[in-house]
Amino acid sequence: ILLCMDHLTILNQNAGNFNWSEAFLIQEILSGSKGSVHATKNFFELEQILKRHEDNQPEMVGIGGGDGTVSRTLTKISESWGRVPDRIATYSMGTMNNISIFSEVHSFWDKIRRKIGLRTSPIKLAEIISESIKSEEPLKTKDIALLDTNGRKGFNIGFGIIPKLVWLYYGNSIEHYQ
């Protein structure tokens, strides 16, 4: 549990489930807190935003997109700033959102909620972050190891046989897999 004072939230306009009304609402919700929200459509825009924050790096980065967006954005952050902030909020706006499951506000039903205009998990996450910042109450967090594979950042989040095979590949036994 950590206090979060400032943030940078980056939303990928090309993400599979990105929509402008949700992006504007996230920006509105977080506007009263110290930080900023940006919607990007390419790496050039992302790099420009990161460059503007190089000297004043936020304590938390929010990333709106899927698993690919999270990985690519964290990699660009690491390349630009030389580090990745300890606090990362993932807004499930992509086609694949395995990492967002750990935010406890991800739901399969968000696709339906978006279609009929109901409050989605990314909106709920923005509200949780905003309330934490405004009230100066601790933000509940989970530690998940950040992987670095040949300079590309990401998380080993998955279900079923693939994570078990990776576990075994690195010399662990199936009996110790949890």
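Looking at LEU25, LEU74, LEU11, LEU3 in this structure, which one is of a type outside the set (Lys, Arg), at pLDDT below 95, under 29 Å from GLU136 (Cβ atoms) and surrounded by 21 or more Cβ atoms within 10 Å (Cβ to Cβ)?
Details: LEU25 fails: surrounded by 21 or more Cβ atoms within 10 Å (Cβ to Cβ); LEU11 fails: at pLDDT below 95; LEU3 fails: surrounded by 21 or more Cβ atoms within 10 Å (Cβ to Cβ).
Result of the check over LEU25, LEU74, LEU11, LEU3: LEU74.
Each row is one residue, and each column tells you yes or no for (1) at pLDDT below 60; (2) of a type outside the set (Ser, Thr, Tyr); (3) within 17 Å of the chain's Cα centre (by Cα); (4) within 20 Å of THR90 (Cβ to Cβ).
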| site | (1), (2), (3), (4) |
| --- | --- |
| SER135 | no, no, no, no |
| LYS140 | no, yes, yes, yes |
| ALA145 | no, yes, yes, yes |
| GLY154 | no, yes, yes, yes |
| LYS164 | yes, yes, no, no |
| HIS176 | yes, yes, no, no |
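Checking every residue in the stretch 43-58 against the condition of being surrounded by fewer than 15 Cβ atoms within 10 Å (Cβ to Cβ) and part of a strand (DSSP E or B) gives zero matches. Before we move on, is SER33 buried (at least 18 other Cβ atoms within 10 Å of the Cβ), at pLDDT below 95 and not in a helix (DSSP H, G or I)? Yes.
Report whether or not THR95 is assigned to a loop (DSSP other than H, G, I, E, B), open to solvent by 10 Å² or more (accessible area, probe 1.4 Å) and either touching a strand residue (DSSP E or B) at 6+ places or on another chain (Cβ under 9 Å) or at pLDDT below 95 (or both).
Working: assigned to a loop (DSSP other than H, G, I, E, B): yes; open to solvent by 10 Å² or more (accessible area, probe 1.4 Å): yes; either touching a strand residue (DSSP E or B) at 6+ places or on another chain (Cβ under 9 Å) or at pLDDT below 95 (or both): yes.
Yes: the conditions hold for THR95.
The values are calculated or read from the model by the stated rules, or taken from the named source; none is laboratory data. Since the model is a prediction, treat every value here as computed from it, not as a measurement. Cβ coordinates were reconstructed from backbone atoms using ideal geometry, including for glycine residues, and neighbour counts include every protein chain displayed. Accessible surface is based on the protein model in full, side chains and every heavy atom, while ligands, DNA and RNA are left aside. Shrake-Rupley method; radii C 1.70, N 1.55, O 1.52, S 1.80 Å.
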